[in-house]
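What follows is a short report on a single structure.
The values are calculated or read from the model by the stated rules, or taken from the named source; none is laboratory data. Note that this is a predicted model, so its numbers are computed, not measured. Neighbour counts run over all protein chains shown; Cβ positions are idealised from the backbone, glycine included.
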Amino acid sequence: MKKLNLNSLLAPHIGVDEVGRGCLAGPVTAAAVIFTSNIDIQKYKDSKQLSEAQRNILSESIYKNHKLAIGWASVKEIDELNILQASFLAMQRALEKLSSQLSLKNATVLVDGNQLIPNVGSFSQRAIIKGDQKLRLISAASIIAKVARDKFMKNLAKNLASELSHYGFEKHKGYGTLYHRKQIQAFGPSSWHRQSFSGVKEYVGKIQ
């Protein structure tokens with residue numbers, strides 16, 4: 001895994017990644033991260049390669065030692081725009097928030113995947129396939145986004161238990177596990193399900 005040069009303060013590198021694209025329920029979440037020190041950088045890995053406990057610890061480190069922002073796209077936006085455009089929207093929001101916080105005019109955005117983010121203003125970009133595995137800066141963004149989204153889904157399950165308890169969001173975080181799919185079939189989708197997605201749209205209108 002590569003270590004980025006952190007010496008350019010005029011044009012910093014920003015790592016961007018999203019999570020939740022393949023879920024059947026809940027928002028898509030993106031994070032944008034700038035390293036501001038060398039602390040703990042060597043520990044950051046693709047969030048999928050870490051346990052939940054490891055992600056939580058590393059998320060705290062990133063919050064403490066670096067600069068970051070999180071962007072979201074709602075279930076409604078996912079259904080209206082499609083998941084790719086909603087993912088771009090979440091990433092745009094994360095970048096806009098971070099650039100506003102730090103008054104950034106120039107930066108190089110390093111985004112996970114094979115597509116560039118539309119409408120990022122004066123920022124230059126590089127799309128890096130499997131960037132969350134290759135660059136620690138993108139790994140950090142993947143950790144932040146994953147922890148934030150998992151927390152959101154757990155809180156959703158807790159705060160709306162009377163409506164959502166039978167779906168088990170706190171366990172699978174909205175991903176299409178066998179249990180989750182069976183619950184959608186049995187109870188129909190909730191308002192937090194992506195009604196444009198296969199595995200959900202077939203059961204829209206079924207009484208919960």
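When the residues of the stretch 75-92 are filtered to those that are out of contact with any strand residue (DSSP E or B) (no Cβ under 6 Å at 6 or more places or on another chain) and surrounded by 17 or more Cβ atoms within 10 Å (Cβ to Cβ), the one that is farthest from Ile34 (Cα to Cα) is Asp79.
Can you tell me which residue within the stretch 26-55, out of those that are basic (Lys, Arg) and at pLDDT below 95, is nearest to Arg194 (Cα to Cα)?
The extreme case among them is Lys48.
In this structure, does Leu104 turn out to be within 22 Å of Ile34 (Cβ to Cβ) and at pLDDT 95 or above? Against the criterion (within 22 Å of Ile34 (Cβ to Cβ) and at pLDDT 95 or above), Leu104 does not qualify. Taken over the stretch 77-121, residues that are assigned to a helix (DSSP H, G or I) and among the hydroxyl-bearing types (Ser, Thr, Tyr) amount to 3. Of the residues making up the stretch 45-93, those that are small (Gly, Ala, Ser) and in contact with a Leu (Cβ under 8 Å, 6 or more places away or on another chain) are Ala69, Gly71, Ala73. Scanning the stretch 93-102 for residues that are buried (at least 17 other Cβ atoms within 10 Å of the Cβ) and polar (S, T, N, Q) gives a single hit, Ser99. Scanning the stretch 50-76 for residues that are of a type outside the set (Ser, Thr, Tyr), free of Cβ contacts under 8 Å to residues at least 60 places away in the same chain and either closer than 20 Å to Lys134 by Cβ or part of a helix (DSSP H, G or I) (or both) returns Ala53, Gln54, Ile57, Glu60, Lys64, Asn65, Lys76.
Summed over the stretch 140-159, residues that are in contact (Cβ under 8 Å) with a residue 24 or more places away in the chain and more than 21 Å from Lys48 (Cβ to Cβ) total 1.
When Leu135, Leu89, Leu81 are checked against the criterion of being over 14 Å from the mean Cα position of the chain (by Cα), under 17 Å from Arg21 (Cα atoms) and of a type in the set (A, V, I, L, M, F, W, C), Leu81 stands alone in meeting it. Among the residues of the stretch 25-49, those that are surrounded by 24 or more Cβ atoms within 10 Å (Cβ to Cβ) and outside any loop (DSSP other than H, G, I, E, B) comprise Ala25, Val28, Thr29, Ala30, Ala31, Ala32, Val33, Ser47. Applying the condition of being surrounded by fewer than 17 Cβ atoms within 10 Å (Cβ to Cβ) and at pLDDT 50 or above to the stretch 3-24 and asking which residue is nearest to Thr108 (Cα to Cα) yields Ala11.
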